[in-house]
């Protein structure tokens, strides 16, 4: 019974945390005072929920008595104590120095607002608008770190609950025309730090800000770009290939190529997409091939070696190549287990299904077949 009560308390902490977070988003532009107060309250509740998941006593600040805790009579820890305890217990889940600084900056604003000593309460319209922007930037920076923490704890809290809570917060504040500009200012220093570390940052196709930071994973075949402004995540099928002539390392995305195009290294060596795809098969673990090409693994079959291989996925002619046990279009990266062969033009077609079709007379996507013979029969 007591265990059930404790679970209920943890659930209540999370419900209240996400409730405060949603209210903060709705008040983001109309009432920044309560937006800050509610946002920081949600931060404290999330930290308490994480500790309480481990054991209820970890959030108690006074006498540790279960009956008092279950009755709601126990005094609980404040923000600074919560962070300290979290960092002492969960070495792999520590609140980073940068996140702590962002939360603390908002905590100070919250304290000023609650004690009626904040300039935001000023009646001066010009001063009010400037302060609104300053506070909005601080809140968005804090959100940058809180969002990452929530993703880290998603399995523990419940993935559906976390995804729903994040979406509700962002769907409200992203309605504001100035949101992207404010968020960019909030994370500008972080992006500058990444630039100083020679990290690659690209322009985001969604919000248009130069804020998409590249992430690569040694054991995963994708290169991932995550935008620090709008949160857009773009998985790119990029592969690293070394120029055989000069040894220069290149990073190429299969989606950037069309119709079997190649690229030229600075040394003058021409590297074809066939070579790039060969590099994919030579470097990617077999268990990731399916994820990279989004299809089932092909079994070995040499029947296509003497045939031209076209691709109906991108309407490319003679762009199919055999890489180990795989048949891949060098124009779009499409893959097929058994691309069927047209009986008339003798070409294989990635992505086609000739089941029930008389390809000798009716042809395929790349030929008209023996229509003259069909017409003569009809006559």
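Please treat every number below as a calculation from the coordinates, not as lab data. None of the values given here were measured: they were computed from a predicted structure. When we count neighbours, we look across all protein chains shown, and the Cβ atoms used for this are built from the backbone with ideal geometry, even at glycine.
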> Over the Cα atoms of region 1-90, what is the Rg over Rh ratio if Rh follows Kirkwood?
Replying inline: 1.02
>> Quick check for you: which residues of region 154-198 have the amide N under 19 Å from the point 7 Å beyond the Cα of residue 85 toward its beta carbon?
In response: 157
> For labels at residue 153 and residue 245 in the simple 7 Å Cα→Cβ model, what's the distance in nm?
Replying inline: 5.6
> According to a simple spin-label model (label point 7 Å from Cα along Cα-to-Cβ), what is the distance in nm between residue 353 and residue 269?
Replying inline: 4.3
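Most exposed first by the Cβ proxy, i.e. fewest other Cβ within 10 Å, how do 371, 56, 153 rank?
Working: 371 13, 56 22, 153 16.
Placing the least packed residue first, the sequence is 371, 153, 56.
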>> At 7 Å along Cα-to-Cβ for each site, give me the label-to-label distance between residue 112 and residue 8 in nm.
In response: 4.2
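Got a sec? How would 196, 316, 262 order by Cβ neighbour count within 10 Å, fewest to most? Don't skip to the answer; put the middle values down first.
On the way: 196 8, 316 21, 262 13.
Lowest count first: 196, 262, 316.
Contour minus end-to-end for residue 367 and residue 198, with contour as 0.36 nm per residue of separation and end-to-end as the Cα-Cα distance? Write down the numbers at each step before the final one.
Working: separation 169, 0.36 × 169 = 60.84 nm, distance 5.06 nm.
So the extension gain works out to 55.8 nm.
Can you figure out the FRET efficiency of residue 98 with residue 174, using R₀ = 25 Å and their beta-carbon distance, to the nearest 0.05?
Values: r = 23 Å, r/R0 = 0.93.
The calculated FRET efficiency here is 0.60.
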> Using only Cα atoms, what Kirkwood radius does region 129-204 have, in angstroms?
Replying inline: 14.0
